[in-house]
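Reviewing the structure listed below.
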Amino acid sequence: MKDDLRHDGARRVGQVKEVTSLANPIVKEIKALALKKSRDQSRTFLAEGLKLIIDALDRGWIIRTLVYAKAGKGKPMVEKVAARTVASGGLVLEVSEKVMASITRRENPQMVAAVFDQRWMALKEVVPARDQTWIALDRVRDPGNLGTIVRTADAVGASGVILVGDCTDPFSMETVRATMGSMFALPLVKATPAEFLAWKKTTDTRLVATHLAGAVDYRTIDYRSKPVVLLMGNEQSGLPDELAKAADALARIPQTGTADSLNLAVATGVMLFEVRRHLLTLDGGK
Ligand code: SAM
């Protein structure tokens, strides 16, 4: 098959391939990344949005495949990202709006999307240091909650997120969207409950678990003298006893009104701003 004219509707212009057909095999592969099975097999994921993709590149992430809609052609920032993709051995596709909408599963898609390799940090490499906060999530199920937590973790300067047990996939499109790019900023770790508990014993950290039956007001806990691991429970069932028992403190956020509990991402946000209160100043960052 000639490289510049393929039967599947792809045409190579310099380093960029023009694709207009939904049947193009690369387009099909990218579309398949909507499925966890395909993401697991290829160990890649799709992220959308020019700013987010530039931020990822600046943080050292490498694009496997860059896809941009025809409207992006000639735009300096898009061209720059395309050049960086080619320079690091990636593929660049210029696609029709129809193909872009289909890849991103949106009627009004972003102009640019990119396939990145997944990154996981090994639990044994996590050695919490002074002033660090790590967040451990027990069986988080909701992609929007996970994305919001990763974004909030980034905003407060937390060091990473440990996914304990059977969690929703952080590389799903929904979660990636909800992180608004923050998933490129901090490491993700996965562990079974047993691995997490064994790891905890090897660290000099304060494990603060949030629990609706917690006896301690979250505002009274010492978050300064040791690195903190903040453990949050599953949306439906809360923390199981085996994890709650390992905590150095069981914290509760006081509530009034009729709601039984706070949404997981909201509770995590409330906790994180308290855990890191002494480290956050208006002139300390943005
Ligand atoms: N039905 C669940 C239960 O009984 O635990 C509710 C879980 S709640 C929606 C999800 C998680 O958010 C909890 O496991 C806990 O980690 C945290 N959470 C929510 N509200 C909280 C509060 N008032 N105090 C402490 N943690 C809270």
In the list K51, K2, which residue meets the criterion of being at pLDDT below 95, surrounded by fewer than 18 Cβ atoms within 10 Å (Cβ to Cβ) and not assigned by TED's automatic domain parsing to the domain that holds Q110?
-> K2
Test A71 against the criterion of being more than 16 Å from the chain's Cα centre (by Cα) and aliphatic (A, V, I, L, M), and give yes or no.
-> yes
Only one of (1) under 18 Å from A267 (Cβ atoms); (2) touching a Phe, Trp or Tyr at 6+ places or on another chain (Cβ under 6 Å); (3) not charged (D, E, K, R) does not apply to V150, and that is (2)
Picking from L207, L239, L197, which residue would you name as being touching a His at 6+ places or on another chain (Cβ under 8 Å) and at pLDDT 95 or above?
-> L239
Candidate set: the stretch 157-191, residues that are farther than 14 Å from V229 by Cα and of a type in the set (S, T, Y); chosen: the one farthest from the chain's Cα centre (by Cα) = T168
Given the conditions (1) touching a residue at least 40 places away in the same chain (Cβ under 8 Å); (2) in a loop (DSSP other than H, G, I, E, B); (3) closer than 15 Å to V92 by Cβ, and given that S21 satisfies all but one, which numbered condition is not satisfied?
-> (3)
If we keep just the residues of the stretch 254-286 that are among the hydroxyl-bearing types (S, T, Y) and without any contact (Cβ under 8 Å) to a residue 24 or more places away in the chain, which is nearest to D222 (Cα to Cα)?
-> T281
Among the residues listed as L57, L137, L66, the single one being touching a residue at least 24 places away in the same chain (Cβ under 8 Å) and under 14 Å from the mean Cα position of the chain (by Cα) | L137
When residues of the stretch 137-169 are filtered for being under 14 Å from M183 (Cβ atoms), out of contact with any Asp or Glu (no Cβ under 8 Å at 6 or more places or on another chain) and assigned to a helix (DSSP H, G or I), how many remain?
-> 9
Pick from the stretch 203-217 the residues that are more than 7 Å from the ligand (Cβ to nearest atom) and outside any loop (DSSP other than H, G, I, E, B): which of them is surrounded by the most Cβ atoms within 10 Å (Cβ to Cβ)?
-> V208
Please work out if D217 is more than 17 Å from G147 (Cα to Cα) and outside the structural domain of K37 (by TED's automatic domain parsing).
-> yes
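Residue by residue, here is whether (1) modelled with pLDDT of 95 or more; (2) of a type in the set (A, V, I, L, M, F, W, C); (3) outside the structural domain of F273 (by TED's automatic domain parsing) holds:
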{"residue": "Q110", "(1), (2), (3)": "no, no, yes"}
{"residue": "D131", "(1), (2), (3)": "yes, no, no"}
{"residue": "I135", "(1), (2), (3)": "yes, yes, no"}
{"residue": "V150", "(1), (2), (3)": "yes, yes, no"}
{"residue": "L163", "(1), (2), (3)": "yes, yes, no"}
{"residue": "C167", "(1), (2), (3)": "yes, yes, no"}
{"residue": "M180", "(1), (2), (3)": "yes, yes, no"}
{"residue": "F184", "(1), (2), (3)": "yes, yes, no"}
Note down all Cβ pairs under 9 Å where the first residue falls in the stretch 225-241 and is in contact (Cβ under 8 Å) with a residue 12 or more places away in the chain and surrounded by fewer than 24 Cβ atoms within 10 Å (Cβ to Cβ), the second is part of a loop (DSSP other than H, G, I, E, B) and among the polar types (S, T, N, Q), and they're at least six residues apart or on different chains.
-> K226/T205; P227/Q132; P227/S159; P227/T203; P227/T205; E235/N263; G238/S261
Residue selected from the stretch 233-286 under the condition part of a loop (DSSP other than H, G, I, E, B) and of a type in the set (D, E, K, R), by the criterion farthest from the ligand (Cβ to nearest atom) = D283
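The values are calculated or read from the model by the stated rules, or taken from the named source; none is laboratory data. All of these numbers come straight from a predicted model, not from anything done at the bench. A quick note on method: Cβ atoms are made from the backbone with ideal geometry, for glycine too, and the neighbour counts reach across all protein chains shown.
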